[in-house]
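One structure is given below, encoded as C-alpha cells.
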Amino acid sequence: MIRRAAALALIAALGALLLPLLLGYHPDEALNLTACYYAERTAADLGAANIVTAIVVTYRGLDTLGEVTVLFLSAAVVGLVLARGRTATTGGRPRLPAGELLTTGSRLLAPLIMLLGIYIFVNGHLTPGGGFQGGAVIASGVLLLLLAEPGRRLGHRVIALVESLSGLAYVAIGVAGLVYAGGFLDNRILPIGTLGELASAGAIPVIYSLIGLKVGAEFSSMLANLSETEEL
C-alpha cells in the first residue's frame, strides 16, 4: 500500500512539473534563422535530396560518430559479459531443430532482407532511411537465420573485420574532409553530382554505407553472442 501511494505521489509530482510546460506550449509559426538556413541551403550546398540525412552525416557528423561509438561499446560489453558466462557454464541442453519449411524460408528471405537493408542505406541521401535503419534491417536478417537454425554459428572474425574496417574507413573519410574540404566529414571531398541522382551528395552515400555496415555488424555480433549463450 505504501509503495502504491509513493508511486502515485511521484507520478503526481512529475505531472505537476510537466503541466505548465504543456499548457504554455505554443508552436512556432515560422522557422528560426538557423533552421531557415538549413532548410533552404542544405540541398544546394551538399547536394543531398534528403535534408535530414545531410544534417545527420555532415553538419552534426561528430555527434553521429559518438552514437556509433556508443553502439560499438555496447556490443563489446555484451560480448564480454556473455563470453564470461559461456566459460563459467558447463553442460547444456540440446536445442530442437527448426522445421524444414522455416529453415528453407529463412534461407530465401534472409538475403532479400539484407538486400533491403543495403538499399536503405545506399539510398539514404535520396529517401527516408540511412545507415542506422539499414544496419538494423541487415541484423534482422541475421536474427531470422539464427531463429530458424538455432545451431548456426556465425563467424565472429568476419563480423569483427567488417565492423573494424567500416569504422576505420568512416573516421578516415572524416579526416579527409578536414584536409581536403571544409571540415570533419565534409562530403564535398567527392563531386556533389546532380541533385536527386544516386551518384550525388558527394561522400554521403559512402559514409552512410559504412555506418550501415558497422551498425549491422555490431547488432549481428550481439545477436550471435546471445544465440550462443542460449545454447548453454
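Numerical summary
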{"read-out": "Relative contact order computed over the chain (Cα-Cα under 8 Å; 6+ residues apart), in percent", "value": "27 percent"}
{"read-out": "Of Tyr208, Tyr180, Tyr59, the one that fluctuates the most in a GNM where the chain has Cα springs shorter than 10 Å", "value": "Tyr180"}
{"read-out": "Ascending count of other beta-carbon atoms within 10 Å, so fewest first, for Thr127, Thr64", "value": "Thr127, Thr64"}
{"read-out": "Per-bin percent of Cα-Cα distances, segment 96-154 [10 Å]", "value": "26, 42, 23, 9, 0"}
{"read-out": "Inter-site label distance for Thr104 and Ser74 at 7 Å from Cα along Cβ, in nm", "value": "3.8 nm"}
{"read-out": "Top of Gly183, Gly124, Gly47 by mean-square fluctuation, Gaussian network on the chain, Cα under 10 Å", "value": "Gly183"}
{"read-out": "Residue of Pro20, Pro150, Pro191 that the Gaussian network model of the chain assigns the largest fluctuation, springs spanning Cα pairs under 10 Å", "value": "Pro20"}
{"read-out": "Cα shape, segment 37-82, gyration tensor, a/c 1.5 rule", "value": "prolate"}
{"read-out": "Of the DSSP H helices in the chain, those whose Cα atoms cover at least 27 Å axially and whose Kyte score averages 1.0 or more", "value": "2-23, 61-88, 100-122, 156-180"}
{"read-out": "Extension gain (nm, one decimal) between Val179 and Glu29, 0.36 nm per residue minus Cα-Cα", "value": "50.0 nm"}
{"read-out": "Ratio of the Cα radius of gyration of segment 2-230 to 2.2 N^0.38 Å, where N counts its residues", "value": "1.30"}
{"read-out": "Packing-based order for 211-222, 157-168, using average beta carbon neighbours within 10 Å, highest first", "value": "211-222, 157-168"}
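Every number in this text was worked out from the coordinates using simple rules, so none of it is lab data. A quick note: this is a predicted structure, and the numbers were derived from the prediction, not measured. Because the Cβ atoms are built from the backbone with ideal geometry, glycine has one as well, and the counts that use them run over all protein chains shown.
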